[in-house]
Structure formats: C-alpha cells, structure tokens
C-alpha cells in the first residue's frame, strides 16, 4: 500500500470515528489528509471504495493481533489481552456504532461484522478451555455452556462503545469495561484463578492513569 493511501485511510478512519460515517464526505477526507480531492479520487473514486479499503485494513490488523493475543493468553496476561482488543475497537469505533450505515455503503461489511463476531467468540471459548487446562477456570458445567458464555462476552464488547460515546471517557473508561468483563468470569474461576483475579484487579488503577495520560 502506498504512503498516500495509508494516510487517506488513517484520516478517513479518524473522521468516521469523530463525525459518523454519514457526515463525512470525500472532500472532508482529502482536506484532512492535505491532498486534493482529485488525488483522493484517483485512489478511491467513491466513498464505498474508500470504506471497503478501510474495512480490509481493519480486518488485516485484527488478524495480525491474533498472534499477540494467543501469546498473552499463554502468559496469563488477561488484562493486556482485554485492553488491546478494546483499544482496537476504539480505533474503529465507527464500525460498531454505524454498522448499518457501513453495510449500506459496502454490503460485504455484514460478512466482516460476522467474521469479527465469530473471531471473538471462538477466541473467548478457546481461551476458557486453555484456562481450564491451566487450573484457572472450572470445567464447563455442561456441554455448550462456554459457547453461550462467549456469546455474552461478545454482547458486552459490542455494546460498551455506545455507552462510552454517550457518557464520555471519564464515566466509561477502559478500566471500567475491563473490570466488567473480568468480573463476568469470577463465578467460573478456581481458587488459583481467583488469586490471579485479585492480582490483576490491583493493576487496574495504573491502567486508568495510562489512559488518562493518552486518551484514545
């Protein structure tokens, strides 16, 4: 990908996040990127072409992050795992907030959304099974329960951004949602898992400070 294209996609994503998909024109993106409208249209003739490119970049970044995520699970660094995904969501929050508008522009976005949903659910479920093997989480109470658990985690992840957008970062910080997700696991934790729970809980204040120092 050319340097100009990367800049266009970066500025487009920022504008979509700030203003909403329907309120951003190609001219706005060109102005933000410091290029002419003609230069932008050379790379992306229509808004749907630009959106498709943004979605492809988003999907590639999520795929690249999967390797890092697996390493964090193996290290039992669950707070960093959650934080990294939440920051990814914040970076592309327009996609979750304006998904119907995105689909209207690029019908294939529905598949991208479904793929992300399956990715999160499968990753959550597999992480639980790994944690069971490591003695952190209780065995599945009955077949299929952790699949439902993973769907509920996706539900939380897919809704928290709307609350953050409405109420602001101070009321809905990364630490807030990280604690909500971590608390959701608590009834399933073993004695060993609960010891880790309290250790990680103590680390949350530092994460709050980091977020306030460089807000997303």
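Here is how the numbers come out for the structure above:
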{"item": "Filter pass, residue 15 being at pLDDT 95 or above, within 20 Å of the chain's Cα centre (by Cα) and not assigned by TED's automatic domain parsing to the domain that holds residue 196", "result": "yes"}
{"item": "Breaking point among (1) assigned by TED's automatic domain parsing to the domain that holds residue 189; (2) crowded, with 19+ Cβ neighbours inside 10 Å; (3) without any contact (Cβ under 8 Å) to a residue 40 or more places away in the chain, for residue 67", "result": "(2)"}
{"item": "Wholly enclosed helices (runs of 4 or more DSSP H) of region 26-119 bearing at least 1 residues within 25 Å of residue 164 (Cβ to Cβ)", "result": "26-33, 47-74, 78-91, 93-97, 99-105"}
{"item": "Test result for residue 183, in the same structural domain as residue 80 (by TED's automatic domain parsing) and in a loop (DSSP other than H, G, I, E, B)", "result": "no"}
{"item": "Residue within region 192-199 that is surrounded by 15 or more Cβ atoms within 10 Å (Cβ to Cβ) and in a loop (DSSP other than H, G, I, E, B) present", "result": "no"}
{"item": "Only listed residue being more than 22 Å from residue 74 (Cβ to Cβ), out of contact with any strand residue (DSSP E or B) (no Cβ under 9 Å at 6 or more places or on another chain), crowded, with 18+ Cβ neighbours inside 10 Å and in contact (Cβ under 8 Å) with a residue 24 or more places away in the chain, chosen from 157, 161", "result": "161"}
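The values are calculated or read from the model by the stated rules, or taken from the named source; none is laboratory data. The structure presented is a predicted model; accordingly, all values stated were derived computationally and were not measured. Glycine also receives a Cβ, built like all others from the backbone with ideal geometry; neighbour counts cover every protein chain displayed.
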